[in-house]
Amino acid sequence: MTTSPTSFGPVLERIAEEIERTPGRGRPADYIPALAARDPRRFGMAVAEPDGTVYGVGDWREPFSAQSVTKVFTLALVLAREGDALWEHVGREPSGNRFNSLVQLEYEDGIPRNPFINAGALVVTDRLHTRSGDAAGELLAFLRAESGNPQLGFDEEVAASESAHGDRNAALAHFMASYGNIDNPVPVLLEQYFRQCSVAASCADLALAASFLARHGVRADGTRLLTRSQAKQVNAIMLTCGTYDAAGDFAYRVGLPGKSGVGGGIIAVVPGRCTLCVWSPGLDERGNSVAGVAALDRFNTLTGLSVF
């Protein structure tokens, strides 16, 4: 990993100064007790260029709970193995409902609307576990390799907290299993899913780990994980589905493929140019970081970088 005070550095410094003056940062995810005590005024942001150069500001090296941000990486690992066969089990459309909603599953015969709502992520994790024997371990190995940080790991307190309060996810998994859309025993799947969401990583780690999407599917070591078309597909789903039922507003404000998590992190991709990760634990009513969305909005405005 290399860092530099030039290029993106001044932009990040300006964004951090503006965010610091912004009142109202939202509230941490209090329905996960292990996350409820995080200070909503914490803020970090990192930008990684395709060659591994990283710029950061604020708490950009502070590990935080990645939560649903990890769903991007699990999706990529399954798509690399299954290709289009994956889409027989999960859709590619925005949901319009909350990320843990049961409503659409019944109308659509146990096929989740997209891979980033909880039901869809459970299906993707299930398929990765069937093919690897250890979905969470496969994900962690990938994140360590792409970020260059062998110290990345699971936050066992967060995993236990989610497991203790995971009745809705269990209901989603059992419901899909009743339609034959889950391969593994539900308790096994839930353990894998909660561990996947409990990965602790920094903005620098996640910006680097997501760089394969800016490199059109090529990993840090030069090998190809996804075809160029598959990398486009993942970016497209991030743009339309990556920020829960606020994806339209996020696309309007930020103009980049992005994926948020209730730990306060958001990753975003400028294909061919860079990847970003921003973290601030205070969330809006839809589960997205208030300061994180504002920072990405300012990044787009100040740099002109967008997919549009």
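The values are calculated or read from the model by the stated rules, or taken from the named source; none is laboratory data. From a predicted model like this one, the values you see are computed outputs, not experimental measurements. Neighbour counts run over all protein chains shown; Cβ positions are idealised from the backbone, glycine included.
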Going through (1) among the small types (Gly, Ala, Ser); (2) within 22 Å of Arg113 (Cβ to Cβ); (3) touching a helix residue (DSSP H, G or I) at 6+ places or on another chain (Cβ under 7 Å) one by one, Gly248 fails only at (3)
Every listed condition ((1) in a strand (DSSP E or B); (2) touching an Asp or Glu at 6+ places or on another chain (Cβ under 6 Å)) holds for Arg42 save (1)
When the stretch 259-283 is checked residue by residue, the ones that are closer than 17 Å to Ser95 by Cβ and not basic (Lys, Arg) are Ser260, Gly261, Val262
In the stretch 19-37, anything of a type in the set (D, E, K, R) and in a loop (DSSP other than H, G, I, E, B) is listed as Arg21, Arg25, Asp30
Taking the stretch 241-286 and the residues there that are free of Cβ contacts under 8 Å to residues at least 40 places away in the same chain and not charged (D, E, K, R), the one that is surrounded by the most Cβ atoms within 10 Å (Cβ to Cβ) would be Ala268
Within the stretch 287-297, restricting to residues that are buried (at least 18 other Cβ atoms within 10 Å of the Cβ) and of a type outside the set (Val, Ile, Thr), the one that is modelled with the lowest pLDDT is Gly287
Within the stretch 135-165, of all residues that are surrounded by fewer than 18 Cβ atoms within 10 Å (Cβ to Cβ) and farther than 30 Å from Pro50 by Cα, the one farthest from the chain's Cα centre (by Cα) is Ala164
Over the stretch 197-233, the set of residues in contact with a helix residue (DSSP H, G or I) (Cβ under 8 Å, 6 or more places away or on another chain), surrounded by 24 or more Cβ atoms within 10 Å (Cβ to Cβ) and of a type outside the set (S, T, N, Q) is Cys197, Val199, Ala201, Ala204, Asp205, Leu206, Leu208, Ala209, Ala210, Phe212, Leu213
All conditions in (1) surrounded by 24 or more Cβ atoms within 10 Å (Cβ to Cβ); (2) within 15 Å of the chain's Cα centre (by Cα) are true of Ala48 except (2)
For the stretch 214-235 the number of residues that are in a helix (DSSP H, G or I) and more than 19 Å from the chain's Cα centre (by Cα) is 2
With the first residue restricted to the stretch 17-32 and required to be in contact (Cβ under 8 Å) with a residue 40 or more places away in the chain, and the second required to be assigned to a strand (DSSP E or B) and among the polar types (S, T, N, Q), Cβ contacts under 8 Å at 6 or more apart or on different chains are Gly26/Ser289
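Residues checked against (1) of a type in the set (Lys, Arg); (2) at pLDDT 95 or above; (3) assigned to a loop (DSSP other than H, G, I, E, B):
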| position | (1), (2), (3) |
| --- | --- |
| Ile237 | no, yes, no |
| Ala247 | no, no, no |
| Gly272 | no, yes, yes |
| Pro281 | no, yes, yes |
| Glu285 | no, no, yes |
| Leu305 | no, yes, yes |
Listed by range, helices (runs of 4 or more DSSP H) wholly within the stretch 66-141 having at least 1 residues that are at pLDDT 95 or above are 70-82, 118-132
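Listed here are the residues, each with its yes/no results for (1) touching a residue at least 60 places away in the same chain (Cβ under 8 Å); (2) not hydrophobic (A, V, I, L, M, F, W, C).
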| residue | (1), (2) |
| --- | --- |
| Val72 | yes, no |
| Glu82 | no, yes |
| Trp87 | no, no |
| Glu93 | yes, yes |
| Ala121 | yes, no |
| Arg127 | no, yes |
| Gly133 | no, yes |
| Gly148 | yes, yes |
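Conditions (1) closer than 19 Å to Ala268 by Cα; (2) more than 22 Å from the chain's Cα centre (by Cα); (3) of a type outside the set (D, E, K, R), marked per residue:
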site	(1), (2), (3)
Glu18	no, yes, no
Arg21	no, yes, no
Pro28	no, no, yes
Arg41	no, no, no
Gly52	yes, no, yes
